[in-house]
Amino acid sequence: MNAKRRPILAGNWKMNMTVTQARELASKLIPLVSSVKDRDIVLGPPFTALSAVAETIKGTNISLSAQNLHWEDKGAFTGEISADMLLDSGCKYVIIGHSERRQYFGETDETVNKKVKQALKKGLLPILCVGETLADREAGKLNETINRQVNGGLKDISTEDMKKIVIAYEPVWAIGTGKTATPDQANEVHALIRQKVKALYSADIAEGLRIQYGGSVTPENVSTLMAMPDIDGALVGGASLKPESFAALVNFK
Ligand code: PGA
């Protein structure tokens, strides 16, 4: 954490929660985090539950994120969701390029970049996910992978737009596995990303950039992660599906 950057804790619900369950989770969470003023709290339900969660959290200190979007404005793209639809459903953020999208749905740095541009064009704040696989790390390709994903995802993004982006570093081997990167391991990559952004933009932009860590974050390990100088938040899967555990995470000391 760094006093200059406001922490951002986001729950990525993935393909979980019906509308009824989503409403219940959000309602239970609201009183548990209502006194939080110094950090951003974001919920990422599946598309079908966005409107219901938007209604539930209206007037609270919680914001809404989608988990994906399409890069075109509208048209014949069966099964896809546009930025306007997300805005209309109450979204402020959108998660882009999650490793599960890259791994199972063929997303590339190129499509990720198109989505980041579309989100920015429409006024959604992108949470751009990057992260290496275990094979990358073991082959000594950590830096190469992160550089490629950061360069690719941010291609042709202006300095002004860069101020609106959050980057999430999620080592693929730590997602849903219970294997968290150690705070030092995570911070090392966060620092690398910040360095890269400094080279691409400026020291000011790099210092203002919020970088979340994601991968088996829990109420137990969040504080040691957040104590690291380059870790500015968490993108949380499993532990965001229960109001008590996500609230405990948000309320980390
Ligand atoms: P996890 O997922 O917290 O369940 O590891 C994190 C993510 O994929 O965003």
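The table for this structure:
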quantity: Residues located in region 157-189, provided they are assigned to a loop (DSSP other than H, G, I, E, B) and hydrophobic (A, V, I, L, M, F, W, C); calculated: Ile157, Ile165, Ile175, Ala181
quantity: From Thr145, Thr111, residue being β-branched (Val, Ile, Thr), in contact (Cβ under 8 Å) with a residue 40 or more places away in the chain and either open to solvent by 40 Å² or more (accessible area, probe 1.4 Å) or over 20 Å from Asp40 (Cβ atoms) (or both); calculated: Thr111
quantity: Any hit, region 170-187, residues being more than 16 Å from the ligand (Cβ to nearest atom) and surrounded by 15 or more Cβ atoms within 10 Å (Cβ to Cβ); calculated: yes
quantity: Residue count for region 216-253, restricted to those that are β-branched (Val, Ile, Thr), more than 11 Å from the ligand (Cβ to nearest atom) and closer than 22 Å to Gln21 by Cβ; calculated: 1
quantity: Residues of region 8-22 satisfying the condition of being surrounded by 18 or more Cβ atoms within 10 Å (Cβ to Cβ) and away from the ligand (no atom under 16 Å from the Cβ); calculated: Ala22
quantity: Only listed residue being outside any helix (DSSP H, G or I) and either open to solvent by 30 Å² or more (accessible area, probe 1.4 Å) or not small (Gly, Ala, Ser) (or both), chosen from Leu249, Leu235, Leu225, Leu192; calculated: Leu235
quantity: Qualifying positions in region 31-61 - open to solvent by less than 60 Å² (accessible area, probe 1.4 Å), in contact with a helix residue (DSSP H, G or I) (Cβ under 7 Å, 6 or more places away or on another chain) and among the β-branched types (Val, Ile, Thr); calculated: Val33, Val36, Ile41, Val53, Thr56, Ile57, Thr60
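Okay, residues lined up against (1) closer than 23 Å to Asn151 by Cα; (2) touching a helix residue (DSSP H, G or I) at 6+ places or on another chain (Cβ under 6 Å):
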site	(1), (2)
Lys198	yes, yes
Arg210	yes, no
Tyr213	yes, yes
Thr218	no, yes
Ala227	no, no
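The values are calculated or read from the model by the stated rules, or taken from the named source; none is laboratory data. Here the structure is a predicted model, which is why all the values come from computation and not from measurement. FYI the Cβ positions are ideal-geometry reconstructions off the backbone, even for glycines, and counts take in every protein chain you see. Quick note on the areas: whole protein, heavy atoms, side chains included, nothing else; ligands and nucleic acids left out. Shrake-Rupley method; radii C 1.70, N 1.55, O 1.52, S 1.80 Å.
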